[in-house]
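Remarks on the structure that follows.
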Amino acid sequence: MTNSSKTAPQLAVDQSQGNAGLEGVIAAETRLSHVDGMAGRLILRGYDLDAIADWRFEALLALLWQDLAPENLNAAQIQTALGKARQHAFGLLDPLLGMTDRLSQVEALRLLLSALADAQTEAHHVLAVAAVPVFAAAIARRRQGLVPLQPDASLGQAADYLRMLHGKPMPEAMAKALNTYMVTVADHGMNASTFTARVIASTKAGLFSAVIGGLCALKGPLHGGAPGPVLDMLDAIGEAQCIRPWLTDALARGERLMGFGHRIYRVRDPRADVLKAAVANLRDGSGRIRFAETVEAEALALLSEKKPLRPLQTNVEYYTALVLEAVGFPRESFTNVFAAGRMAGWTAHVLEQDRTGRLIRPQSRYIGPAPMASHAAAS
Ligand code: ACO
């Protein structure tokens with residue numbers, strides 16, 4: 001996802017028989033969020049995403065952690081706790097930050113999060129959420145040859161993330177757009193990374209181990225690794241007259257168009273609309289957004305023509321790419337920004353799993369050879 005190659009990234013997808021993707025399997029009961037794929041709705045603890053998309057990230061954390069965390073903190077208390085925890089996380093950067101240079105940015109985040117000891121259980125969910133922007137901003141700055149910037153505990157999480165990235169306070173409209181992004185991606189039912197985190201939590205391995213597992217699942221291009229490639233695709237298309245031929249050629253080669261399709265949504269992903277509005281507020285009428293909208297319209301038309309049996313709509317990653325680009329994140333950082341939002345959901349799911357869950361241990365269907373006598377195997 002890091003380069004701006006002239007061809008769309010290609011994904012090898014396993015099309016094996018059977019329910020290898022566990023479609024339709026209920027893997028957990030949760031009060032946290034519900035994805036209604038047929039209606040195109042995302043419900044977070046009783047609220048439609050549209051109704052809460054402009055909440056502060058801290059208010060959403062209060063909602064998600066309510067009755068699951070040891071204390072029911074309100075949004076203001078969470079902001080204070082996050083500010084202190086960001087400062088604590090900043091103190092953990094040395095010496096690990098210096099060991100991250102050979103890694104991608106998401107791998108570097110994985111390394112830094114590994115410094116959090118599972119034995120620390122006091123407010124571990126707060127520290128996990130606070131640590132991501134501190135580590136991710138330090139990683140992104142180091143790639144530019146810049147030293148990390150101390151957190152400002154008085155700021156909200158989104159505003160401080162941007163400040164730590166850019167080295168100075170950024171306009172409120174940008175912090176608001178990032179805040180909307182983080183709220184929008186905070187939780188999303190039993191997605192692959194949340195499932196991973198819950199499986200690890202169910203073994204009682206500890207919250208940090210569980211959320212690091214979530215990050216590892218998020219990293220893949222079929223989950224959280226797609227927004228960078230969306231921009232690669234827009235760059236590769238280049239100009240308006242190339243849109244249709246470029247997309248047609250990509251589909252003819254069997255490639256997937258980045259930012260389209262979803263396992264659950266059979267209509268439009270509601271997060272795409274929230275983020276489209278957020279980016280429009282930020283850079284109203286900019287050429288980049290108009291171009292992206294034209295590409296989107298052409299892509300949807302071609303997908304419905306080429307894949308009439310499979311409704312393929314714009315997913316969250318498409319407008320994520322434009323929001324994150326507009327607030328100044330390099331595309332190599334995008335998965336880490338996703339993690340900064342999704343950490344809210346991972347921590348809440350781990351807390352919920354701890355309270356209500358049981359060891360997750362499904363079974364497999366054996367399709368190997370029937371047992372044979374040991375002398376036959378040896379000969
Ligand atoms: N472009 C072209 N064709 C597509 C796309 C796409 N983006 N997505 C699915 N298809 C086609 C497949 O080729 C397949 O066609 P076929 O039946 O003719 O072989 C059919 O639609 C079904 O595809 P599946 O792989 O079974 O669908 P699945 O539910 O597993 O895929 C996924 C979901 C992985 C998101 C897929 O749509 C994709 O690869 N999209 C592009 C990458 C992307 O945008 N990822 C971000 C996802 S959002 C998130 O996780 C936060």
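Between a residue in segment 238-260 that is in contact (Cβ under 8 Å) with a residue 12 or more places away in the chain and any residue that is within 11 Å of the ligand (Cβ to nearest atom) and of a type in the set (F, W, Y), which pairs come within a Cβ distance under 6 Å, given they are 6 or more apart or on different chains?
Hits for this filter: G259/Y318.
Any chance segment 228-235 includes a residue that's buried (at least 16 other Cβ atoms within 10 Å of the Cβ), without any contact (Cβ under 8 Å) to a residue 60 or more places away in the chain and either over 22 Å from L351 (Cα atoms) or within 11 Å of the ligand (Cβ to nearest atom) (or both)? Break it down stepwise before answering.
Within segment 228-235, the subset buried (at least 16 other Cβ atoms within 10 Å of the Cβ) is 228-234.
Now restrict to residues that are without any contact (Cβ under 8 Å) to a residue 60 or more places away in the chain: none.
No, every residue in segment 228-235 fails to be buried (at least 16 other Cβ atoms within 10 Å of the Cβ), without any contact (Cβ under 8 Å) to a residue 60 or more places away in the chain and either over 22 Å from L351 (Cα atoms) or within 11 Å of the ligand (Cβ to nearest atom) (or both).
Name the residues in segment 345-361 that are modelled with pLDDT under 95 and hydroxyl-bearing (S, T, Y), would you?
T356
Evaluate the following for P245: is it touching a Lys or Arg at 6+ places or on another chain (Cβ under 9 Å), outside the structural domain of W55 (by TED's automatic domain parsing) and not small (G, A, S)?
Details: touching a Lys or Arg at 6+ places or on another chain (Cβ under 9 Å): no; outside the structural domain of W55 (by TED's automatic domain parsing): yes; not small (G, A, S): yes.
So P245 fails the test.
When R266 is evaluated against the numbered criteria (1) within 21 Å of the chain's Cα centre (by Cα); (2) assigned to a helix (DSSP H, G or I); (3) within 11 Å of the ligand (Cβ to nearest atom); (4) surrounded by fewer than 21 Cβ atoms within 10 Å (Cβ to Cβ), which criterion, by number, is the only one it fails?
(2)
Is there a residue in segment 237-255 that is within 15 Å of the ligand (Cβ to nearest atom), loosely packed, with under 14 Cβ neighbours inside 10 Å and on the phi > 0 side of the Ramachandran plot?
Yes, that holds for at least one residue.
Going residue by residue through segment 276-295, is there one that turns out to be out of contact with any strand residue (DSSP E or B) (no Cβ under 8 Å at 6 or more places or on another chain), within 12 Å of the ligand (Cβ to nearest atom) and not basic (K, R)?
No: segment 276-295 contains no residue that is out of contact with any strand residue (DSSP E or B) (no Cβ under 8 Å at 6 or more places or on another chain), within 12 Å of the ligand (Cβ to nearest atom) and not basic (K, R).
Being within 14 Å of A28 (Cβ to Cβ) and either surrounded by fewer than 19 Cβ atoms within 10 Å (Cβ to Cβ) or out of contact with any helix residue (DSSP H, G or I) (no Cβ under 9 Å at 6 or more places or on another chain) (or both) is the filter here, so list the residues in segment 196-222 that pass it.
Of everything in segment 196-222, just one residue is within 14 Å of A28 (Cβ to Cβ) and either surrounded by fewer than 19 Cβ atoms within 10 Å (Cβ to Cβ) or out of contact with any helix residue (DSSP H, G or I) (no Cβ under 9 Å at 6 or more places or on another chain) (or both), namely S202.
Name the helices (runs of 4 or more DSSP H) wholly inside segment 280-379 in which the number of residues that are surrounded by 13 or more Cβ atoms within 10 Å (Cβ to Cβ) and of a type in the set (S, T, N, Q) is 2 or more. Quick ask: steps written out before the conclusion?
Details: elements: 287-306, 316-326, 334-356, 374-378.
Result: 287-306, 334-356.
Restricting attention to segment 288-303, which residues are over 12 Å from L234 (Cα atoms) and not acidic (D, E)?
Those that are over 12 Å from L234 (Cα atoms) and not acidic (D, E): A297, L300, A301, L302, L303.
The values are calculated or read from the model by the stated rules, or taken from the named source; none is laboratory data. Because the structure is a prediction, the values reported are computed rather than measured. Counting neighbours? That spans all protein chains shown, and the Cβs are built from the backbone with ideal geometry, glycine included.
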